[in-house]
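The values are calculated or read from the model by the stated rules, or taken from the named source; none is laboratory data. Source: prediction; values computed, not measured. Every residue, glycine among them, receives a Cβ derived from its backbone with ideal geometry; neighbour counts consider all protein chains shown. Each accessible area value is taken on the protein alone, full model and side chains, heavy atoms only, with ligands, DNA and RNA left out. Shrake-Rupley method; radii C 1.70, N 1.55, O 1.52, S 1.80 Å.
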Amino acid sequence: MTKGNIGVTTENIFPVIKKFLYSDHEIFLREMVSNAVDATQKLKTLAAQGDFKGEIGDTTVSVKLDKEAGTLTISDHGIGMTEEEIDRYINQIAFSGVTDFLDKYKDNANAIIGHFGLGFYSSFMVADRVDIITKSYKDGAQAVKWSCDGSPEYEIESADKAERGSDIILHISDDCKEFLEEQKITELLNKYCKFMAVPVAFGKKQEWNADQKKMVDTEEDNVINSSEPLWTKTPSSLKDEDYKNFYRTLYPMQDEPLFWIHLNVDFPFHLTGILYFPRVQSNMDLQRNKIQLYCNQVFVTDQVEGIVPDFLTLLHGVIDSPDIPLNVSRSYLQSDANVKKIATYITKKVADRLNGIFKSDRKDYEEKWDSLKVFINYGMLTDESFYDRAKDFALFKDTEGKYFTYEEYKTLIKDNQTDKDGTLVYLYANDMDEEYSYIEAAKQKGYSVLMFDGQLDTPTVGLFEQKFEKVRFTRVDGDTIERLIPKDDVKKVELSAEESANLSAVFSSQMPKNEKVHYVVEVQALGEDAAPAVFTQSEYMRRMKDMAKYQSGMGFYAQMPDTYTLVLNSDNAIVKNVLSQTTAATEEQLKPILAEIRSLKAQEQILENEKKDKKPEEITEEAKKDLEETRKNISEQEAKKDSIITAYAAQNDTVHQLIDLALLQNGMLKGAALDKFLKRSIDLLK
């Protein structure tokens, strides 16, 4: 028996490993199985080169649990090790010192193992003692046993082992007993080892025993992995059903994907993989962390943000590259030159694939557009280079379900939807049902309306306004139809200022009271055939509130009340009738008040003129007091006027009916207000 110390400069290597890798301690199994697979692959390489003449035989890596003994054993039939190789590869740990190591990597635990070749030593995160029983493939090799209890001291002695290869026996620590549970080991093997290049067996396959009425073990090993996953095969040898079956293997609960991209590149880096575009039923279906990152068929991570372009984290599938460093932190991966090249390549490959489908089968592409749109919009918003590629195959969909490229749609609308200032106006709707009447009004004008009902359509509107030349995007309810795309000077209202003010006061006084909604009333001449009253919503404010959902720092807009403008059509007979009824009902009461207001305003004007050319110190206190008193009197008379108009308006069913109809048109009439409207409607029909 030989005893010795592992070659480190201090005696705290194992506590360090436990402390800094504890949150990631389950990766020990990946490391152990990966080492066994590597040993097996090396033997195959030696055989292929003629350096190993013997029978390769069974290459299965086996994982075995012995709950009573408290051990987990990983066995292979690979190249094994001699005593000299154990000393070289196990006892000599290649780094300058634990002190330097701690200083540099204490905040970056994920970098420890891979960066320093400590894969084997990850076993001490879960084990009190580790035994290695190994026999080299070399002729005449003697089997040896190496043991270490987590201190720098180890023992090595001769052992009995008939076959080449290594058995790594982990004596699981009391605080890690979960790794003696079959379910836990099965879970980890499926996570990390599902596609390793050598068969990995855990336990025996089971079958139903009718006599015992339960599942029982058979003699056949339960191989948990597929050693030749689909991405390692030549695309030309695969059928659509192969890709769909593999997708079902990766994501058993997902619907069939839209399509896929098989990645296969040898230069300037090595990369294989399959990326799937999932079928998106609704915005709630979007999920990140569905791309699995592998290094030589060994699972690395599914946290791929920053490794692949951000918008592609919405895709599903597998990426495998030996050029992606295994066992390092994501921050290291994101700064790695090869990883950046890979990200650029994947973006180009995805764009090329989308463009190819668009050109070869546009009908099929259009049918998939509603699911594709969120990926493409996200890509254009977050990646300038992707926008440049995607603008030729990204589509607009109108409210009639027709699809257009950006250039096609511009050609379609430029003659009819260019305003008097030469700006091309794109009209859009977010909800076909809620904005139906506005959409129909636009169609009657000969306008086309786009359907923007996707999760990212609002921020994408801003992108289009930056990229397209001299355009404006306006939601179809952003203004009255006559003013959405102004062609000529706005038609003037043929009412006196006093009539307009009274008409506004009638409706303003009866608007719903709601802290979250601010209402404004405006009088416009919209033509005799236009609706008597319609609500519009400011495009700017509505868009700012929508953007507040996506961008931090815009919470101010989110807190502001929604602002709606009730536009009264002064040309409409119903509105004219409301005005004439108001005048008739209030004229006698208002006559002395209006006369008093006119007199007070004339007096206010005189007082204003008297102080206009004087310095502040030249104005007497009496003059200031007179002006203040006059303004106070005007306010009192205005209040009397408003109270008379409000009292009349409160009794006018036509006013309430017009307001409620406009609210109903916008889906804003609910609860008690809706019930009251229905009862009033019935009464008006009697």
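Here are the numbers for this structure:
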| quantity | calculated |
| --- | --- |
| Lys, Arg +1 and Asp, Glu -1 on Cβ, resulting dipole of the chain about Cα centre, debye, nearest 20 | 840 |
| Gained length - TYR540 relative to ASP433, 0.36 nm times residue gap less alpha-carbon distance | 36.3 nm |
| Potential extension, ASP419-ASN577 segment - 0.36 nm per residue separation minus Cα distance | 53.6 nm |
| Residue order for PHE535, PHE468 - accessible surface, 1.4 angstrom probe, largest first | PHE468, PHE535 |
| With all protein chains modelled, accessible area of LYS420 [1.4 Å, Å²] | 110 |
| Where the Cα pairs of segment 176-254 fall when distances are cut into 10 Å bins, in % | 15, 34, 34, 15, 2 |
| Rg/Rh for the chain, where both radii come from Cα atoms and Rh is the Kirkwood radius | 1.19 |
| Dimensions in Å of segment 112-241 - Rg and Dmax from alpha carbons | 19.3, 56 |
| Built amide H within the under 5 Å cut-off of VAL449, gap 5+ | THR399 |
| Percent accessible area from carbon and sulfur atoms, segment 150-268, protein chains only, probe 1.4 Å | 43 |
| Computed lengthening from THR620 to MET511, 0.36 nm per intervening residue step minus Cα-Cα distance | 34.9 nm |
| Accessible surface of segment 405-529 [probe 1.4 Å, protein heavy atoms]: carbon and sulfur percent | 44 |
| Of the DSSP H helices in the chain, those whose Cα atoms cover at least 30 Å axially and whose Kyte score averages -1.0 or more | 27-49, 337-360, 573-612 |
| Å² per residue, accessible surface of the chain at 1.4 Å | 51 |
| Sum of side-chain charges, ILE682 neighbourhood, beta-carbon under 12 Å (Lys, Arg +1; Asp, Glu -1) | +1 |
| Calculated [θ] (222 nm, deg cm²/dmol) that DSSP helices of n ≥ 4 give over the chain, each run adding -39,500 (n - 2.57) | -13000 deg cm²/dmol |
| When segment 525-674 is reduced to its Cα atoms, the Kirkwood hydrodynamic radius in Å | 19.7 |
| Amide hydrogen neighbours beyond the local backbone of GLY273, cut-off 5 Å, H modeled | LEU263, ASP320 |
